[in-house]
Amino acid sequence: MKKLLLLLFSLFLLSSPSVFADDISDFQIEGISIGDSLLDYMTEDEIHKKIESRKGGFKYLKEPDKYLMIDSFTSVSPTYDNLYFFIKNNSANQYVTDKNEKYTILFVGGYIKFIENFEGCIQKRDEISEILSGMFPNEQKIEWINDYNPPDPSGKSIADSITFKFSSGANIVLQCLNIEETFRIKKNWNEGLSVSITSAEVHDWLNDRQ
């Protein structure tokens with residue numbers, strides 16, 4: 001049975017208080033896990049529309065079109081302001097006829113806004129981190145802060161993150177994004193807390209920059 005990884009605004013819940021799983025697909029965000037078909041949650045037409053709206057967002061990666069990002073807003077999730085996924089880009093692989101295989105989820109994340117409330121974001125993130133640390137005492141935990149670059153080249157925006165790395169190469173990332181306010185308003189962007197479950201292959205892709 002899959003375990004539930006669910007972030008609520010005031011409480012972080014899992015289906016069991018003692019979960020020790022090695023397979024990242026054992027976890028879910030809003031009932032969605034790595035290996036599921038995105039067609040179970042969105043229509044093919046909805047997926048294609050989201051793909052079109054997200055084109056060109058990863059030009060800084062060596063293979064910017066290897067995977068596709070799809071987001072879905074509050075109509076799908078009562079908990080998060082946004083859910084987002086990555087699937088493999090199969091546009092050139094017409095031999096893939098199994099739609100479930102074609103739209104396999106390889107990354108699932110949830111986002112909650114903390115506009116101009118970075119301290120509140122960090123507090124919530126640290127609560128989640130403490131619970132995960134108790135669940136996974138033997139997994140590598142990495143804390144890091146970096147400039148939110150290339151999206152903001154000024155160096156005034158930061159991403160403050162905690163990563164739990166699994167032996168499979170998959171990971172769970174808790175990140176608070178603090179965007180410089182003038183830049184954020186100009187771009188009409190949000191800032192806040194993201195919780196993501198990432199397969200090893202998507203993790204490697206996102207970190208393979210030009």
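Straight-line cross-link reach from LYS186 at under 18 Å between alpha-carbon atoms covers these lysines, not counting any fewer than eight positions away in the same chain: LYS113, LYS156.
Placing +1 on the Cβ of every Lys and Arg and -1 on the Cβ of every Asp and Glu, with no other charges, gives the stretch 34-206 a dipole of roughly 440 debye about its Cα centre.
Can you classify the stretch 89-210 as rounded, prolate or oblate using the Cα gyration tensor, where a ≥ b ≥ c are the square roots of its eigenvalues, rounded means a/c under 1.5, and otherwise it's prolate if a/b beats b/c and oblate if not? Oblate is the answer for the stretch 89-210, as a/c is 1.5 or above yet b/c matches or exceeds a/b.
Within straight-line reach of LYS141, meaning a Cα separation under 12 Å, sit the following aspartates and glutamates at least 8 residues removed in sequence or on another chain: GLU130. Local charge for ASP126 was computed over the other residues whose Cβ lies under 14 Å away, with Lys and Arg +1 and Asp and Glu -1, and equals -2.
Counting neighbouring beta carbons within 10 Å and listing from fewest to most, the residues THR43, THR198, THR79, THR163 come out as THR43, THR79, THR163, THR198. Remark: the stretch 152-160, residue by residue, has Karplus-estimated 3J(HN,Hα) of 10, x, 6, x, 8, 9, 10, 10, 10 Hz, where x stands for each Gly or Pro and the curve is 6.51 cos²θ - 1.76 cosθ + 1.60 at θ = phi - 60°.
Can you classify the stretch 116-186 as rounded, prolate or oblate using the Cα gyration tensor, where a ≥ b ≥ c are the square roots of its eigenvalues, rounded means a/c under 1.5, and otherwise it's prolate if a/b beats b/c and oblate if not? Since a/c reaches 1.5 but b/c is at least a/b, the shape of the stretch 116-186 is classed as oblate. Add +1 for every Lys or Arg and -1 for every Asp or Glu among the other residues with Cβ under 13 Å from the Cβ of ARG54, and state the total. Local net charge: 0. If you take all other residues with their beta carbon under 12 Å from the beta carbon of LEU206, and give Lys and Arg +1 and Asp and Glu -1, the sum is -1.
Bear in mind that the values in this text are calculations on the coordinates, not laboratory data. From a predicted model like this one, the values you see are computed outputs, not experimental measurements. In this analysis, Cβ positions are derived from the backbone assuming ideal geometry, glycine residues included, and neighbour counts consider all displayed protein chains.
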